Amino acid sequence: MQLPLWKSILKRDDNPITEISAFLRETAIFQGMSRRTLREVARLIHKRKYYAGETIFFQSQAGTGVYLILSGKVEITSQREGVTLKLAELEKGAFFGELALFQDFPRSATAVAITDSILLGFFQPELKTLLETKPRIGNELLLGFAGIIADRLRKTNDTLEAAYFKSKKEKLKA
Amino acid sequence: MKASQLSEVILRFSFFGLVAITILIGIIGIKFLAIPLLISGIHFYIFHSIVDHLESRGVPRSATILLIFGFLISFAYWIVGFYLPGLFESAQPIIADWSQKMDDPNFQLIDFNKLPILSKNPELWKKIIKPEDIAKIATSSLETFLQDLVVMIPTFISWMIIIPIISFFLLLDANLIYKTMISFIPNRFFEMFLMVFYRTNQQITSYLKSLVIQCGIMATVASFGFFLVGMNQFFLFGCILGIANSVPYIGPLLGVIPPLLFSLLFPEISPGLGSVLAVVGVAQLVDNAIVQPVVIANAVSLHPLAILVGIAVGGNFFGIFGMLLAIPVISILKVTIGILYESLKENQII
């Protein structure tokens, strides 16, 4: 149906935003966030298509944000002293590269699409824009990301602690 | 050649043909649209932070944009509907007085006996400098300028329609336009360009915002100063000085010419040259000592030679608008190239 001009100007095609925000609600990183926040993120997020074998980013390359897998598979590898280590194989709903959202640090691993994949990217400029223009939503997002990072830090601490006590026990036994 | 291969070639040619036609139309149209696009871009950079700020307070973007446009249109209406007619009306006695003087064969445009240095040998200077000839040249130049202005009226009208439309959509759909532009960038350079766009945007916004604040403060200070010394049309001359001040180095010199000429040609209704120069001096002092260090802390510094070349090239291509817009354009280009170079280095591309 042909809309009048003013309606065409003010009314946007919301389908992709609805579709993306529905997907975001299912991901670990955005679950539990308000509908409004998800819609704002969906409005700002970048949808990119990668072909099988295409590199998403390289290790030690400057990074700016987090990627979510909308469809397809992504392999994360790390290379040190000539040895390549496969860190993970991620599928729909998983996310990677979130540290680059907060720090201007080079990427710590390489991400390659194993199959044709569609990724959603959320980057520093978008986060800063949200913090400036919609501080409430920006803060909710920050808290969400902080929760994820704190969770990972706790898991890393547990692993380190377990490894430390294990080696201590072995030393005592010896 | 198989039929499928042939259709592939045809499709490829059609695609690149369409792209070439679009670029060609763009190049042809750029001459006409360059100034409106530039002005709309400057509008966007000046106002988008207000729109963003009010959006963060819950005001819809379209409402803020309409409010800004309402204010700008009201101001333009006041200028065209009230200020300019008042200006012409107050200029009528001066014009009548001048035409009377011009008819007088003994009339001297400038009295050499009253001017320093020249008063020692007025007859010699009268032969070297012929004020009447200068007046004739000035009158004919003014006539040509006004004729050019009349010829430009259709262009101005189309600009007045195009500029608000482009500005409106730039402000309303900035995110959509930005995302569309980003979607054309190949995956490999995508993240790098995101940061380039963001940093460039930040720099240009802060530069143009500080420029507007600087011009506004200068115009206010100069208008107030001219008002205090009893200058006729103090607001007009203050605004000219404020706007001219946006051009570094040359601007303050250009801005002082109209009030100086006015007080030189109409000494009976103007304060002395000393008072005019004192106002300009105080305004410059305020600008250099207070406004520039506080407002333009991260201003884009340009070499004086770059400014001169920029103004000459801008003036040559786009006339008076080109001269005024040359410095912001050069500053924007300098910032963009600098950030792009840094990012390309950071990503080990160059």
In nm, the gap between the two label points placed 7 Å beyond Cα toward Cβ at B:Ala135 and B:Tyr83 is 3.0
Expected vector for the stretch A:122-137, Karplus 3J(HN,Hα) from phi with 6.51, -1.76, 1.60 and θ = phi - 60°, integer Hz, x for Gly and Pro, equals 10, 10, 3, x, 5, 5, 5, 4, 5, 5, 7, 8, 9, x, 4, 5
When A and B pair up, the total accessible heavy-atom area removed from solvent (1.4 Å probe), in Å² to nearest 100, is 2200
Taking alpha-carbon centroids only, the stretch B:182-237 lies from the stretch A:24-83 a number of Å equal to 36
Whole-number value, in Å³ per residue, for the convex hull of the alpha carbons of the protein assembly as shown is 269
Answer in debye to the nearest 20: the dipole magnitude of the protein assembly as shown about its Cα centre, from +1 Lys/Arg and -1 Asp/Glu charges placed on Cβ, is 1940
Answer in debye to the nearest 20: the dipole magnitude of the stretch A:76-174 about its Cα centre, from +1 Lys/Arg and -1 Asp/Glu charges placed on Cβ, is 580
Output for the stretch B:152-236: chymotrypsin sites (Phe, Trp or Tyr not before Pro) sitting in coil per DSSP, at most 13 other Cβ within 10 Å, listed by number, reads B:Phe184
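Other chains near B:183-195: what is the mean number of their Cβ atoms within 10 Å of each residue's Cβ?
Whole-number average of other-chain Cβ neighbours for B:183-195 is 5.
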Computed from the beta carbon distance with a Förster radius of 30 Å, FRET efficiency for A:Ile148 and B:Asn187 to the nearest 0.05 stands at 0.75
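Taking a threshold of 26 Å on the Cα-Cα distance, which of the pairs A:Lys47/A:Lys134; B:Lys179/B:Lys209; A:Lys128/B:Lys209; A:Lys128/B:Lys334; A:Lys92/A:Lys166 fall above it?
On the way: A:Lys47/A:Lys134 22 Å; B:Lys179/B:Lys209 24 Å; A:Lys128/B:Lys209 19 Å; A:Lys128/B:Lys334 24 Å; A:Lys92/A:Lys166 35 Å.
Check vs 26 Å cut-off fails for A:Lys92/A:Lys166.
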Under a 1.4 Å probe, counting only protein heavy atoms, B:Leu228 has an accessible area in Å², nearest 10, of 120
Taking a crude spin-label model, label points 7 Å out from Cα along the C-beta direction, the B:Lys334 to B:Leu72 distance in nm is 2.6
Pseudo-spin-label distance A:Ile114 to B:Gln202, built 7 Å along Cα→Cβ, given in nm, is 3.7
For B:Ile161 the rounded accessible area (nearest 10 Å², probe 1.4 Å, non-protein molecules ignored) is 100
Rg from C-alpha atoms of the stretch B:197-350, normalised by the globular rule of thumb 2.2 N^0.38 Å, equals 1.21
Taking r as the C-beta separation of A:Ala162 and A:Ala22 and R0 as 56 Å, the FRET efficiency to the nearest 0.05 is 0.90
Here the FRET efficiency for A:Asp104 versus B:Ile25, based on Cβ atoms and R0 = 51 Å and rounded to 0.05, is 0.80
With all protein chains in place and a 1.4 Å probe, B:Ile332 shows an accessible area in Å² (nearest 10) of 40
Placing +1 on each Lys and Arg Cβ and -1 on each Asp and Glu Cβ in the protein assembly as shown, then taking the dipole about the Cα centre, the residue among B:Phe318, B:Ile185, A:Ala52 whose Cα reaches farthest towards the positive end is A:Ala52
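Would you mind getting the accessible area per residue of chain B, heavy atoms of the protein chains only, 1.4 Å probe, in Å²? Walk me through the intermediate numbers first.
Working: 21590 Å² over 350 residues.
Here the per-residue accessible area is 62 Å².
So for the stretch A:12-57, what percent of the C-alpha to C-alpha distances run longer than 12 Å? Present the calculation step by step, with values, prior to reporting the outcome.
Working: 664 of 1035 pairs.
Counting pairs separated by more than 12 Å, the tail of P(r) holds 64 percent.
At 222 nm, what value in deg cm²/dmol follows for the protein assembly as shown if DSSP H runs of at least 4 each add -39500 (n - 2.57) and the sum is divided by all its residues, to the nearest 500? Intermediate results must be reported in sequence, preceding the final value.
Values: 18 runs with 356 residues, N = 524.
Result for the protein assembly as shown, helices only: -23500 deg cm²/dmol.
Suppose the chain between B:Asn316 and B:Lys179 were pulled fully straight at 0.36 nm per residue; how much longer would it get relative to their current alpha carbon spacing?
Values: separation 137, 0.36 × 137 = 49.32 nm, distance 3.52 nm.
Contour length minus the Cα-Cα distance gives 45.8 nm.
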Residues of the stretch B:50-76 that bury at least 40 Å² of accessible area, probe 1.4 Å, when all protein chains are present rather than the chain alone, are B:Glu55, B:Ser56
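Take every Cα-Cα pair in chain B and report what % of them are more than 25 Å apart.
67
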GNM on chain A, Cα springs under 10 Å; top mean-square fluctuation among A:Arg39, A:Arg80, A:Arg136 goes to A:Arg80
Treating only Lys and Arg (+1) and Asp and Glu (-1) as charged, each at its beta carbon, one finds that chain B has a dipole about its Cα centre, in Debye to the nearest 20, of 920
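The values are calculated or read from the model by the stated rules, or taken from the named source; none is laboratory data. Everything numeric in this text was worked out from a predicted model, so none of it was measured. Quick reminder, even Gly has a Cβ in these numbers, built from the backbone with ideal geometry, and neighbours come from all protein chains shown. Please note that ligands, DNA and RNA were not included when accessible areas were found on the heavy atoms of the full protein model with its side chains. Shrake-Rupley method; radii C 1.70, N 1.55, O 1.52, S 1.80 Å.
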